[in-house]
Amino acid sequence: MLCPPLNFSVLFLSDKICSLCHINKHPIPLKQVKLEEVEVKSGEEDEEVIYDVRAKCFIFGETLLDKGTGKKTWRERGIGQARILRHREHSRLRILMRQEKTMKVIVNHALDPRIKLEPNAGSDRSWVWSAFDFAEGELLETVFALRFVDSDIANEFKEAFEKGQKEMESVLAGEDNPGEDGGAAADEAAEALAGLKTGDDKEDGEEAAKAKEEEEKPAE
């Protein structure tokens with residue numbers, strides 16, 4: 001009867017494993033480290049939420065690849081809760097939105113009374129506006145579009161936004177004038193925004209255009 005060849009490597013490995021098992025019979029106790037709780041502040045502790053709704057945010061501008069070319073497109077910035085906040089001390093209002101997973105700030109600007117919400121071309125469930133935003137850590141004029149689940153929620157957002165603007169206007173009364181031009185610059189920006197639309201609403205606009213062409217065709 002032939003025996004299989006003896007594998008010395010297996011025997012050597014077995015000895016090593018046995019040695020390790022013998023050593024681990026008396027494990028070294030680990031020192032427990034107690035971590036202290038650290039309070040993390042969001043900057044919203046002194047504010048109250050007066051409106052809260054889930055939406056998808058888009059911005060209109062240059063991408064990193066198109067920086068300096070002047071080529072601007074719509075791009076998604078994130079999905080999350082768009083909230084209108086009122087400061088408990090000075091009563092000023094702002095709109096704040098964070099990405100729902102990363103909690104990164106994607107919208108953060110005051111409810112300037114000069115801002116005008118314009119309907120997004122080809123859609124009845126989104127609004128477009130321009131504002132000086134501080135989401136990136138510095139004031140930048142940004143064109144936003146928020147899209148909601150349906151037109152009813154979109155209209156509710158508009159009502160809450162404009163109600164907040166009126167309240168903000170009352171708060172600013174007696175303080176610095178919001179704008180020496182009487183809001184003319186904001187009006188011009190709003191007119192320019194009227195024709196803009198997000199990429200996701202492109203199909204809706206094309207379908208509406210095709211339907212209009214079919215209606216205008218003479219009967220054969």
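Structure above, values below:
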| item | result |
| --- | --- |
| Search result, residues across the stretch 95-119 that are in contact (Cβ under 8 Å) with a residue 40 or more places away in the chain and in contact with an Asp or Glu (Cβ under 6 Å, 6 or more places away or on another chain) | Pro113 |
| Residue in the stretch 73-81 that is open to solvent by 30 Å² or more (accessible area, probe 1.4 Å), touching a residue at least 12 places away in the same chain (Cβ under 8 Å) and among the hydroxyl-bearing types (Ser, Thr, Tyr) present | yes |
| Matching residues in the stretch 72-102 - criterion: being hydrophobic (A, V, I, L, M, F, W, C) and at pLDDT below 95 | Trp74 |
| Qualifying residue in the stretch 63-71 (condition: open to solvent by 50 Å² or more (accessible area, probe 1.4 Å) and at pLDDT 90 or above) | no |
| Flag for Glu156 being part of a strand (DSSP E or B), among the charged types (D, E, K, R) and open to solvent by 50 Å² or more (accessible area, probe 1.4 Å) | no |
| Given (1) in a loop (DSSP other than H, G, I, E, B); (2) in contact with a strand residue (DSSP E or B) (Cβ under 8 Å, 6 or more places away or on another chain), number of the condition Met103 does not satisfy | (2) |
| Qualifying residue in the stretch 168-178 (condition: in a loop (DSSP other than H, G, I, E, B), modelled with pLDDT under 95 and in contact with a helix residue (DSSP H, G or I) (Cβ under 7 Å, 6 or more places away or on another chain)) | yes |
| Residue match in the stretch 20-30 (condition: part of a strand (DSSP E or B) and either modelled with pLDDT under 90 or open to solvent by 100 Å² or more (accessible area, probe 1.4 Å) (or both)) | no |
| Residue satisfying all of: in the stretch 47-62; in a strand (DSSP E or B) and closer than 12 Å to Val143 by Cα; most open to solvent (accessible area, probe 1.4 Å) among these | Phe60 |
| Qualifying residues in the stretch 115-133 (those that are at pLDDT 95 or above and not in a strand (DSSP E or B)) - the one surrounded by the most Cβ atoms within 10 Å (Cβ to Cβ) | Ile115 |
| Residue selected from the stretch 134-152 under the condition open to solvent by less than 40 Å² (accessible area, probe 1.4 Å), assigned to a strand (DSSP E or B) and of a type in the set (A, V, I, L, M), by the criterion nearest to Val53 (Cα to Cα) | Leu146 |
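The values are calculated or read from the model by the stated rules, or taken from the named source; none is laboratory data. The structure presented is a predicted model; accordingly, all values stated were derived computationally and were not measured. Every residue, glycine among them, receives a Cβ derived from its backbone with ideal geometry; neighbour counts consider all protein chains shown. The area values use the complete protein model at the heavy-atom level, side chains included, leaving out ligands, DNA and RNA. Shrake-Rupley method; radii C 1.70, N 1.55, O 1.52, S 1.80 Å.
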